[in-house]
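Working notes, beginning with the structure itself.
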Amino acid sequence: MKNCLFIVAVALCLVGCKTSKNAQEIGRGSQDVWQTMLVKQLESQVEDNLIKVKYNNGSTLYFSILDNFGHIALTWDHNGRTAFDEGVSGYKGQIEIPSFVTSGDHDEFVFQVIQIDENAFFNCDKVTGIHLPYSIGVIRRNAFKNCKELKEIKVDENNTTYCDVDGVLYSKDFRMLIQYPAKKAGEEYEMPTEVSLVCTEAFAGCENLTKITVSNNVTVISDYAFMNCTKLQEFRLGRSVRVIGVEAFKNCPELSFIYAPGFFAPHNSPTVFDAATKEKCKVTVPRGQKMNYMRQLEWGEFKNIQEEW
C-alpha cells in the first residue's frame, strides 16, 4: 500500500513538471516572452518545498513551490535564515526575476514563476531595482516593505496583471497605484488620472518627495499610504477622495499644506495625522465648506483651515 501511494505522489509531481514543460515550449514560440529570462541560470537545488537558484550575474534567488503543476513564487532569502525578518537578506542590487526556473541533470523539470511571496523583499535595503517578468500574476502584501534603496520596479510589457511607468508599479488598468519606490529620484509626483485606489504603504518611506498631487479619480487612500514621507511638504487631494486609512500620514513632520478640493470631507480613520501636523499644517477647502470639514473626524482638530478665495 505504501509503495502505491509513493508511485501516485511521484506521478503527480511528474505531471506537474510536464505541464510546466509545455508552458516552456509555448514560451519558446514567442521571443518577446521567452526572452524575459534576462539572466542565465547556472545551477539549482531543490529541497523540501524550496528551490535555490544561482545566476550568472552573481545573484542567488529562492523560490517556493506552490502546487504540483509547476508553479512557484519568488520568496525571501533563506540563506542562513529561518524567518523573513531574521538577519540580513542576501538580495541586493538589480533583481532580475525570471519567468521560468529549471532543475534536474538535463533541465527536465521546468517551473513557472507566477507570484511574489509576502515579505519577499522585507528590509532588503541593498536592493536598488526589481524587474518583474510577464508571468507574475500575484504580488502578496508587504512584498517590497522597507526597501529603502529601491529606485525602480520595472514590468515586462507582456504582463497582463501589472505595469509600470517610470519605475512606479500599477495594476495593468492603472486603477491601483501599488508601489512607489522609496528611493525613486524626483521631489514631485502627480498621479495618472486613471488611478482610483492608492494601496497600503504605496509611498511609505519615500524620503525624496516634497509634493504629491492625487488624481481626481482616487476614492480611497489606504492605510499607511504616505507614512514616513519625512520630507513631504505639500499634499494635494483629489476631488473624489472619500476614505483615508489608518495612519496614512504618520511621521510626515514637514507637511505644512494640504489642498482639499472635495465638497465632501474625506472620512478619516480614527488616526490619520500626527498631532504636530494638525497643529501647524494649513488646510485649504472649497468656499463655503469650512464648517463641513470642521464637523468631520480629525479635520476639526486642524488649527488652520481656510476656504479658497
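Within region 139-173, the set of residues being open to solvent by less than 50 Å² (accessible area, probe 1.4 Å), of a type outside the set (D, E, K, R) and part of a strand (DSSP E or B) comprises ILE139, ILE153, VAL155, TYR162, CYS163, VAL168, LEU169, TYR170, SER171. Restricting GLN296, GLN306 to those that are open to solvent by 20 Å² or more (accessible area, probe 1.4 Å), in contact with a strand residue (DSSP E or B) (Cβ under 8 Å, 6 or more places away or on another chain) and either in a loop (DSSP other than H, G, I, E, B) or of a type in the set (Lys, Arg) (or both) reduces the list to GLN296. Flag: ASN142 does not match the condition of being over 23 Å from MET191 (Cβ atoms), out of contact with any strand residue (DSSP E or B) (no Cβ under 9 Å at 6 or more places or on another chain) and not β-branched (Val, Ile, Thr).
Applying the criterion of being part of a helix (DSSP H, G or I) and open to solvent by 20 Å² or more (accessible area, probe 1.4 Å) to the residues of region 247-284, the residue that is nearest to GLN296 (Cα to Cα) is LYS278. Step by step: first the residues of region 74-108, then only those that are outside any loop (DSSP other than H, G, I, E, B) and more than 20 Å from the chain's Cα centre (by Cα), then the one that is surrounded by the most Cβ atoms within 10 Å (Cβ to Cβ). Which residue is that? Within region 74-108, the match that is surrounded by the most Cβ atoms within 10 Å (Cβ to Cβ) is VAL101.
If you go through region 110-138, how many residues are among the hydrophobic types (A, V, I, L, M, F, W, C), surrounded by fewer than 21 Cβ atoms within 10 Å (Cβ to Cβ) and modelled with pLDDT under 95? Result for region 110-138: 0. Restricted to region 32-73, and to residues there that are surrounded by fewer than 16 Cβ atoms within 10 Å (Cβ to Cβ) and among the basic types (Lys, Arg), the residue that is modelled with the highest pLDDT is LYS54. Among the residues making up region 60-73, those that are assigned to a loop (DSSP other than H, G, I, E, B) and in contact with a strand residue (DSSP E or B) (Cβ under 7 Å, 6 or more places away or on another chain) are LEU66, GLY70.
Checking each residue in region 221-246 for being over 19 Å from LEU197 (Cα atoms) and outside any loop (DSSP other than H, G, I, E, B) picks out only GLU234.
Among the residues examined, GLU188 does not qualify as touching a Phe, Trp or Tyr at 6+ places or on another chain (Cβ under 9 Å) and of a type outside the set (S, T, N, Q). Of all residues in region 203-219, those satisfying the criterion of being open to solvent by less than 60 Å² (accessible area, probe 1.4 Å) and assigned to a loop (DSSP other than H, G, I, E, B) are PHE203, ALA204, GLY205, CYS206, ASN208, LEU209, THR210, VAL214, SER215, VAL218, THR219. Could you grab me the full set of residues in region 174-190 that are open to solvent by less than 10 Å² (accessible area, probe 1.4 Å) and assigned to a loop (DSSP other than H, G, I, E, B)? If the condition is that a residue be open to solvent by less than 10 Å² (accessible area, probe 1.4 Å) and assigned to a loop (DSSP other than H, G, I, E, B), then TYR180, PRO181 are the ones that fit.
The values are calculated or read from the model by the stated rules, or taken from the named source; none is laboratory data. This one's a predicted model, so the numbers in the text were calculated from it and none came from an experiment. Methodologically, a virtual Cβ is constructed for each residue, glycine included, from the backbone with ideal geometry; neighbour enumeration extends over all protein chains shown. All accessible areas refer to the heavy atoms of the entire protein, side chains included, with ligands and DNA or RNA removed. Shrake-Rupley method; radii C 1.70, N 1.55, O 1.52, S 1.80 Å.
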